[in-house]
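Visitor: One structure, pasted below without further comment.
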Amino acid sequence: MDCDLLDLGTMDYETAWSLQNRLAAEIARGERANTLLLLEHPHTFTFGRSGKAGHLIWNETELAARGMKVHWVDRGGDITYHGPGQLVGYPIIRLLDSDHVGYVRKLEKVLILALARLGLAGGQIEGKSGVWVQADIASRCPRCKATDRKKPAKIAAIGVKVDAQGITRHGFALNVNPEMEYFEGIIPCGISAYPVVCLADFFEPPAAMELVKSEVTRAFGEVLNFKIRQTSI
């Protein structure tokens, strides 16, 4: 099955959200193939359907000083951060079954496979979404607190929506080399007990974004059984 790839560079959150909705409607009408969007966002916090306002730590003054935008959106999950140096993927695809949890697990497997090819072992943790590195690997993070180096750490967040027609929106955010201080402004995904890491914490020099995109795209095609076609809007 074909899947179009749109590499959008950097795009503000509102524009990308509107684009997702337009493409989803076109796919539902049979006017467009399944589509994977890859992009980066300017500094943004988003709350999902399970979001709690108290998980946003920075006040309005701090948010304004940093030029942060905050959005409440219709994906699953709590609050997360998007920004330059983080690879965001929005698969706009028609699911062939109603196993929405299974779809999230497949997205995790996509990133785990891509990370393995980039030289980093990632995995899943039962009862928690996203992709994680275990404590023995997280202990190599030079930026992390000593206490955090003894814990698993999250390297990618996942939050999705599946509409009544079975079309997906939203997706995954993989920390490649973002400014990690922005995670201090939130309780990421509502989980305070575990640290957040990025690829750049484990490699010097860090993996280039174009290489990460390539590996994520290849893994996406393999795990979801798509033939990927580079295209434009």
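The values are calculated or read from the model by the stated rules, or taken from the named source; none is laboratory data. Small disclaimer: the values here were computed from a predicted structure and weren't measured. Note: ideal-geometry Cβ built from the backbone for every residue, glycine included; neighbour counts use all protein chains shown.
Visitor: From the list I186, I155, I167, I191, exactly one residue is surrounded by fewer than 17 Cβ atoms within 10 Å (Cβ to Cβ), closer than 23 Å to G51 by Cα and among the aliphatic types (A, V, I, L, M). Which is it?
Guide: Just a single option satisfies the conditions, and that option is I191.
Visitor: Related question: Tally the residues that are of a type in the set (D, E, K, R), within 17 Å of A173 (Cβ to Cβ) and out of contact with any Asp or Glu (no Cβ under 7 Å at 6 or more places or on another chain), restricting the search to the range 14-61.
Guide: First, the residues of the range 14-61 that are of a type in the set (D, E, K, R): 14, 22, 26, 29, 31-32, 40, 49, 52, 60.
From what is left, the residues that are within 17 Å of A173 (Cβ to Cβ) are 14, 40, 49.
In the following step, the residues that additionally are out of contact with any Asp or Glu (no Cβ under 7 Å at 6 or more places or on another chain) were identified as 14, 40.
Qualifying residue count, the range 14-61: 2.
Visitor: Also, I was wondering about something else. Output yes when any residue across the range 92-105 is under 21 Å from F203 (Cβ atoms) and in contact (Cβ under 8 Å) with a residue 60 or more places away in the chain, and no when none is.
Guide: no
Visitor: Going through G76, G48, G85, G89 one at a time, which residue ends up being small (G, A, S), surrounded by 15 or more Cβ atoms within 10 Å (Cβ to Cβ) and touching a Pro at 6+ places or on another chain (Cβ under 7 Å)?
Guide: G85
Visitor: For P206, state whether it is surrounded by 21 or more Cβ atoms within 10 Å (Cβ to Cβ) and either in a loop (DSSP other than H, G, I, E, B) or on the phi > 0 side of the Ramachandran plot (or both).
Guide: When the stated conditions are applied, P206 does not pass them.
Visitor: Moving on. Which of (1) assigned to a helix (DSSP H, G or I); (2) more than 16 Å from D201 (Cβ to Cβ); (3) of a type outside the set (V, I, T) is the odd one out, the single condition D136 does not satisfy?
Guide: Only one criterion in (1) assigned to a helix (DSSP H, G or I); (2) more than 16 Å from D201 (Cβ to Cβ); (3) of a type outside the set (V, I, T) is unmet by D136, namely (2).
Visitor: Any idea which of (1) under 21 Å from S192 (Cβ atoms); (2) assigned to a strand (DSSP E or B) is the one G89 doesn't satisfy?
Guide: G89 satisfies all of (1) under 21 Å from S192 (Cβ atoms); (2) assigned to a strand (DSSP E or B) except (1).
Visitor: On the given criteria, is R140 modelled with pLDDT under 95, among the charged types (D, E, K, R) and touching a Ser or Thr at 6+ places or on another chain (Cβ under 6 Å)?
Guide: The answer is no for R140.
Visitor: Which members of the range 55-70 meet the condition of being touching a residue at least 12 places away in the same chain (Cβ under 8 Å) and either touching a Phe, Trp or Tyr at 6+ places or on another chain (Cβ under 7 Å) or loosely packed, with under 11 Cβ neighbours inside 10 Å (or both)?
Guide: L56, G67, M68, K69, V70, listed by residue number.
Visitor: Give me a count of the residues in the range 95-127 that are closer than 22 Å to K161 by Cα and either outside any helix (DSSP H, G or I) or touching a His at 6+ places or on another chain (Cβ under 8 Å) (or both).
Guide: 9
Visitor: Next question, about the same structure. Tell me, which residue of the range 203-227 that is among the aromatic types (F, W, Y) and over 17 Å from the mean Cα position of the chain (by Cα) is farthest from V133 (Cα to Cα)?
Guide: Looking at the filtered set, the residue picked out is F226.
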